[in-house]
Amino acid sequence: MQLRPSLKFVKLSYLLCILLAIVIGVFLAAEKDNQQVQDWGKWTFILPAILALFTMIRHMRNRMVRITVSDDRVREEVGFLSKSTRTIELDKIQEVNVRRTMWQRLWGVGDLSMETAGRSSQLAIHSIDHPQQAADRILEAARALRSRPDTGTHPGV
């Protein structure tokens, strides 16, 4: 299972940038006879361009975060050119938390965090789709791994 931040808000932001540019274009077309509006109106396209730039940055940041849950471990990868990777054994996960603000609940996303046994280590990923289902699947996999008779031995350790 792979978890990534949702692109719902990024897509909404792209849509708003496009709509804003269309509204500005329609306004300028309606005021084509007014030279004063035409002179400053062209500069208003900077606003949707700046918003699109911030949206692209957020889009890239969202794509640089990934949590992969395999049979026996959870791996967090962050980065694009240089990557940072953290790996936690699945049987060490003790608690999985889901936090959803009102806005996130409206859009069906939420924040997921996992806490491990031993040292205070935490993995977190923000604004993922269906966070409660992901949390339940992680806890089920961790419980199943702990209940297997061979969990005490890890090859190569």
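Numbers for the structure displayed
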read-out	value
Choice from LYS83, LYS11, LYS42 with maximal GNM fluctuation in the chain (Cα, 10 Å cutoff)	LYS42
Taking LEU112, LEU20 and counting other C-beta atoms within 10 Å, the order from fewest to most	LEU20, LEU112
Among VAL69, VAL98, VAL37, residue whose mean-square fluctuation peaks in a GNM of the chain (springs only between Cα atoms under 10 Å)	VAL37
Set of lysines near LYS42 by C-alpha distance (under 19 Å), chain-local residues within fewer than 8 positions excluded	LYS32
Inverse mean reciprocal Cα-Cα distance (Kirkwood Rh) of segment 26-89, Å	15.5 Å
Between helix 46-63 and the chain: long-axis angle, C-alpha atoms, 0 to 90°, nearest 10	10 degrees
Paramagnetic label zone (point 7 Å from Cα along Cα-to-C-beta, LEU106; backbone N under 14 Å) in segment 1-37	9, 12-13
Sorted by Cβ neighbour density within 10 Å, fewest at the top, the residues ASP136, ASP33	ASP33, ASP136
FRET efficiency, MET60 to SER113 (Cβ-Cβ, R0 30 Å, nearest 0.05)	0.85
GNM result for the chain, Cα springs below 10 Å: residue of GLY79, GLY110, GLY41 fluctuating most strongly	GLY41
Solvent-free Debye scattering, log10 I(q)/I(0), computed from the Cα coordinates of the chain at q = 0.13, 0.15, 0.17, 0.18 Å⁻¹	-0.72, -0.86, -1.00, -1.07
Sequence of SER82, SER121, SER127 once ranked by neighbouring C-beta atoms within 10 Å, starting from the fewest	SER82, SER121, SER127
Theoretical ellipticity at 222 nm over the chain - DSSP helices of four or more residues, -39500 (n - 2.57) apiece, nearest 500	-14500 deg cm²/dmol
Between 0 and 90°, nearest 10: helix 8-30 axis offset from the chain longest Cα axis	0 degrees
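Since every read-out is calculated from the coordinates, none of them should be taken as a lab result. Everything quoted here is computed from the prediction, not taken from an experiment. For neighbour counting, all protein chains shown are included, and Cβ atoms are generated from backbone atoms with ideal geometry for every residue, glycine included.
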